[in-house]
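The values are calculated or read from the model by the stated rules, or taken from the named source; none is laboratory data. If you're wondering where the values come from, they're calculated on a predicted model, not measured in any experiment. Backbone-built Cβ (ideal geometry, glycine too); neighbour counts: all protein chains shown.
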Amino acid sequence: MPRPRAFDEDAALDAATRRFWDHGYAATSVRDLGAAMGLGAASLYNAFGDKHALFARCLDRYLDASMRERIARLEATLPPRAAIEAFLGEIVARSLSDRRGCLLVNTALELAPHDDGIGSVVAARLAELEAFFRRCLLRGQRAGTIARARPARDLARLLLTTVMGLRVLARARPEPALLHGAARQALALLDPPARRTLS
């Protein structure tokens, strides 16, 4: 019978995630991870596999607590147009308060071009975000709160690009007016035509 693990797996994964997030994948060694997690190399490998497998778990855990949580919460509680606005608003606020950036975006820049496995994970997670925007856009277009002139698919991709751009831009220029202005211009494309009033 296998012995129960003598450490808190969730705490260990959180510690590893912080280490990857703070320093990036390449600059984080197995020794660094073991020190952060309070584990020896053998225990780390036995529990989580190699560094690559551990990173994939950390990235998925990060996204469960950030992007996926945000999507589920906003989609369940707000009308479609408001959900999109709130999502971008939270992205700007998070980008201004945490200079580490988004672990998903950091991974897209550092690893995705050179690592097919991680690249596939990044692409799948970005597709989840695009699908959220597209669902909201289609519902908003049916409700008349979002312009119908542009295809929801194209607008969803524009919003995805906006999120990625905001996250990268904030690393170099964390200026509220800049980030809020960019988000505002993207949202303006969703505005339905002004209704004419009878005089």
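Quick notes on this structure:
- Scanning region 76-93 for residues that are of a type outside the set (Val, Ile, Thr) and either within 16 Å of ARG125 (Cβ to Cβ) or not assigned by TED's automatic domain parsing to the domain that holds CYS136 (or both) gives a single hit, PHE87.
- Failed item in (1) small (Gly, Ala, Ser); (2) part of a helix (DSSP H, G or I); (3) exposed (fewer than 14 other Cβ atoms within 10 Å of the Cβ), with SER43 passing the rest: (3)
- Enumeration of residues in region 136-193 that are in contact with a Phe, Trp or Tyr (Cβ under 9 Å, 6 or more places away or on another chain) and not charged (D, E, K, R): CYS136, ALA152, LEU155, ALA156, LEU158, LEU159, LEU160, VAL163
- The residues of region 123-140 that are within 19 Å of TRP21 (Cβ to Cβ) and without any contact (Cβ under 8 Å) to a residue 60 or more places away in the chain amount to a single one, LEU126.
- In region 99-130, residue nearest to the chain's Cα centre (by Cα) [restricted to those that are under 17 Å from PHE87 (Cα atoms) and charged (D, E, K, R)]: ARG125
- Test result for ARG153, part of a helix (DSSP H, G or I) and farther than 24 Å from GLU69 by Cβ: yes
- Residue ranges of helices (runs of 4 or more DSSP H) in region 74-149 with at least 3 members surrounded by fewer than 19 Cβ atoms within 10 Å (Cβ to Cβ): 80-97, 116-143
- For the residues ARG57, ARG99, ARG70, ARG61, the requirement of being basic (Lys, Arg) and under 20 Å from LEU158 (Cβ atoms) singles out ARG70.
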